[in-house]
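Contents: one structure, followed by commentary.
The values are calculated or read from the model by the stated rules, or taken from the named source; none is laboratory data. Quantities reported herein were computed from a predicted structural model and do not represent experimental measurements. All Cβ positions, glycine included, derive from the backbone under ideal geometry; neighbour counts span all protein chains shown. Only protein heavy atoms, including side chains, enter the accessible area calculation; ligands, DNA and RNA are left aside. Shrake-Rupley method; radii C 1.70, N 1.55, O 1.52, S 1.80 Å.
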Amino acid sequence: MRAPIFSTAVVIVFLSSCGSFDKSMTMGQYNTIINKYEASNPDKNKPELNVQIAEAFRRSNRIAESTPFYAAAIDQGVEDEMVNLHYAKSLKANQRYEDAEAVLRGYMQRASNDNVVSMAERELTHLNDVDDMSKKENYFRVKNLEALNSKNAEYSPVYRNNYLYFTSNRDGGKIYKTTGTPFTDIFRVRTRGANVDRATAEALDAIINDPIVNEGSITIFPDGLSVIFAKGNNGKATGNDEVNLYFSRYRNGKWITPRPLRINDPGSWDSTPALSRDGKTLYFASTRPGGYGGSDIYSAKMDRRGRWVDVRNMGPDINTPGNEMFPFVSEDGSMYFSSDGHPGFGSLDLFKATRRRGHISIQNLGKPINSNADDFGLYEFNLTRGFFASNRKGGAGDDDVYTYVNDDPDLKIVNYFLTGVTTTLDDGGEKIIVANTKVTLLGEDGSILDESFTGEDGQFRFRVYPEEDYRLLAEKTDYFTVRDNFSTVGRSVDRSTLTEMVTTVNFETEIPLNSIVIEKPIVLENIYYDLAKWDIRPDAEPTLDSLVMILEDNPDIFIELGSHTDIRAPDDYNMDLSWKRARSAVTYIINKGVNAARITARGYGETTLIVVDAQTEEEHQRNRRTEFKVLRYNPQDREEAVPEGDGLDEYDRFFLDGDDLLEGGGGE
């Protein structure tokens, strides 16, 4: 049985008000509560005890067994609003959908907590979706992986290099009081696809598996030699809720001592990790503050130092007031995950999140992959086959690993990728590569979709989606941060013409960077003024807006904006006119929100001509120009590249924090 993620806060509030509370509940020892009191309840005179038992079942992932105890507590006069909501969810887990609807509607007539009412309304909507989801056609076939499963729990399957890794408590040992089952460890077994050699099943080394701590889900880097896994839930009062992500690497024939990732949130549940195919993005579930509900799915990026940075919540399209966990990113860029907050059949269901035209749609995978029980932890072996876990009836025991086949005759995907390179011009005007540049892919609304750090070849690569507009943001110390536009609109492949299951479309682009040189003038094109005037004309606004963007993207530069005239007027007049024009442009920029301390106006009149003996109108126009130049540059806020030859590889850098480098010894 999986270690639960729930805290005890809600039930503590209720039971404390009732004046009775078993300390086993505060310690998360839910199975102790069940064993101690289940036989003597439902008890007419002890409604708070029925709530304790019901909560113990729910919080140890057995909500279907909580139904009679919630029912008894409500019959005995318990009015706690969350108890009514959890009772309805327990009925749903037992496929008693009409009874669940009746409980919710009856409760809402007397409810007072707006937050709980909102959750109840959401549950009612989901119940109305059950029939439609049941009737929806899909092409999945599922089968219990009998050669692997035992009477205990097996879940979180991950395939790598002819091994199937999974989490299980099959070896017995010390009992985890929260669930009443042994602590879980990480195992692996030799397999060819779904053909498991049961005799080869073995637990990973003792340095990975602690006999008195639950080890949870695991994810494996592309090289097969490094892992991230969940570890926690030792059953002690001070550590019940905390689960963290750990990293280890196989080196010199043994695993190094696991170390916690620095992106863990103290006191929170950080678990169910999954890596992107290139190993540069980590997805995981967390109950950290600031989310949308119980556990949410987050992402983190590996920077050029090999550290996990930029932790981001995946947003309200994926995350709900319920629990989202067990993410997995498919070959086609879709995300599979488990949730009890989206419309489902009972407890955790499996869902697929797909991005189209800038929007994310969520699809319940339907039956037979989903059931009224917990269905979770999908791993895609290829586009048509894979594994997942479920504690549905008919299995070998607790959580079991299942296989699935997708027989969809129209299962064709198109992968779109944008490959680019960052360049600049050397002193001789020749194009050269700019390495170690951070490139960010932004959506049309400005949201960050992905990030990449270019290598020595200056290249970056992003997955993009059809019929969308993007912006690219390139940043590097001593260079201007620049933006570039890219679009896939009108460039989609007609799927009806495809003959292969997988089609890959590659787009190419180039981002030119300009180095920051103090006092070097840069001409701003297309800034014109009416004769003898200094007002900003509408046709000059786009150019000035682009300078505003440069200042926003480069907060560490301070500039001078200078205006120049031709020679066809007296010197004093030209000097005064040029200053007024420069000041007018600076005022426009300050009014756009730029700090006035960062920009200075200066009029040069005719003192710095480009064409000294101008004769033609074109030559005079070259002299009538607006320029800016950097006066001061403070790059302390920009991220520095790792020095060449530092002796680190990207996996060692998990432990790099300033000058603090853990060499990674340990092992057995």
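Figures for the structure shown
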read-out: Amide proton proximity set for Glu451, modelled H, under 5 Å, gap of 5+; value: Leu441
read-out: The chain: relative contact order in percent, alpha carbon pairs under 8 Å with at least 6 residues between; value: 10
read-out: Relative packing of peptides 605-612, 180-187 - highest average C-beta neighbours within 10 Å first; value: 180-187, 605-612
read-out: Net lengthening on full extension, Leu498/Asp310 (0.36 nm per residue, minus Cα-Cα); value: 63.9 nm
read-out: Farthest positive-ward along the chain dipole, Cα basis, beta-carbon charges - from Val309, Ala64, Tyr402; value: Ala64
read-out: Net dipole in debye of the stretch 241-308 [+1 Lys, Arg Cβ; -1 Asp, Glu Cβ; about Cα centre; nearest 20]; value: 620
read-out: Förster radius 22 Å - calculated FRET efficiency between Phe417 and Asp484 (Cβ-Cβ, nearest 0.05); value: 0.85
read-out: Cα pair distances in the stretch 454-569, grouped into 10 Å bins until the bin that holds the longest one, percent each; value: 9, 29, 27, 19, 11, 4, 1, 0
read-out: Derived scalar couplings ³J(HN,Hα) [the stretch 455-469; Karplus, 6.51 cos²θ - 1.76 cosθ + 1.60; whole Hz; x for Gly, Pro]; value: x, 5, 7, x, 9, 9, 8, 10, 7, 10, 10, x, 6, 9, 9
read-out: Cβ crowding within 10 Å averaged over residues, with 490-499, 262-271 ranked highest first; value: 262-271, 490-499
read-out: Spatially proximal lysines relative to Lys143 (Cα-Cα < 28 Å; intrachain offsets below 8 disregarded); value: Lys89, Lys92, Lys135, Lys151, Lys352, Lys367, Lys393, Lys412
read-out: Positive-end residue, the stretch 509-636 charge dipole about Cα centroid, Cβ charges, pick of Phe628, Phe558, Ile527; value: Phe558
read-out: Per-selection Kirkwood Rh - the stretch 549-626 (Cα, Å, 1 d.p.); value: 13.3
read-out: In sequence order, calculated HN-Hα J values of the stretch 584-593 (Karplus, 6.51, -1.76, 1.60; Hz; x Gly/Pro); value: 5, 5, 5, 4, 4, 5, 5, 5, 8, x
read-out: Förster-model FRET efficiency, 22 Å R0, Asn634 and Asp553, C-beta, rounded to 0.05; value: 0.90
read-out: Accessible surface, per residue, of the chain when the full set of protein chains is kept, probe 1.4 Å, Å²; value: 45
read-out: Segment Ile175-Gln615, length gained on full extension (0.36 nm per residue, minus Cα span); value: 149.0 nm
read-out: Length-normalised contact order for the stretch 484-641 - Cα pairs under 8 Å, 6+ apart - percent; value: 31
read-out: Stretch gain in nm, segment Ala147-Leu425, where the contour uses 0.36 nm per residue and the Cα spacing is subtracted; value: 93.9 nm
read-out: Nearest-20 debye value, the chain charge dipole, Cβ charges on Lys, Arg, Asp, Glu; value: 2040
read-out: Modelled label reach - Asn382, point 7 Å along Cα→Cβ, the stretch 312-335 residues with backbone N closer than 20 Å; value: 329-334
read-out: Protein accessible area in the stretch 130-218, 1.4 Å probe - carbon and sulfur %; value: 45
read-out: Within-11-Å neighbourhood charge of Val117 [Cβ basis; K, R +1; D, E -1]; value: -2
read-out: Answer label for Rg and Dmax of the Cα atoms in Å (calculated), chosen among (i) 27.0, 86; (ii) 30.9, 106; (iii) 24.2, 73; value: (ii)
read-out: Dipole moment magnitude, nearest 20 debye, the stretch 487-596 about Cα centre, only Lys, Arg, Asp, Glu C-beta charged; value: 220
read-out: Straight-distance crosslink candidates among lysines, where the alpha carbon sits under 23 Å from Lys36 and sequence neighbours closer than 8 are dropped; value: Lys23, Lys44, Lys46, Lys174, Lys177, Lys236
read-out: Cα centroid separation - the stretch 254-326 against the stretch 540-598, whole Å; value: 45
read-out: Residues with amide H under 5 Å from that of Ser217, placed H, sequence gap 5 or more; value: Ala230, Thr272
read-out: Kirkwood Rh (inverse of mean 1/r, distinct Cα pairs), the stretch 405-517, angstrom; value: 15.6
read-out: Ranked by how many other beta carbons lie within 10 Å on average, peptides 318-329, 398-409 from highest; value: 318-329, 398-409
read-out: Average projection area in nm² (convex hull over Cα atoms of the stretch 42-132, one quarter of hull surface); value: 5.5
read-out: Where labels lie 7 Å past Cα in the beta-carbon direction, separation of Val523 and Thr607 in nm; value: 2.1
read-out: Part-to-part distance (alpha-carbon centres) for the stretch 601-625 and the stretch 69-88, which is given in Å; value: 83
read-out: Karplus (6.51, -1.76, 1.60) ³J(HN,Hα), θ = phi - 60°, over the stretch 265-276, in Hz, Gly and Pro reported as x; value: 9, x, x, 9, 9, 10, 7, 6, x, 8, 9, 5
read-out: Shape category assigned to the stretch 61-105 from the gyration tensor of Cα positions, a/c cut at 1.5; value: oblate
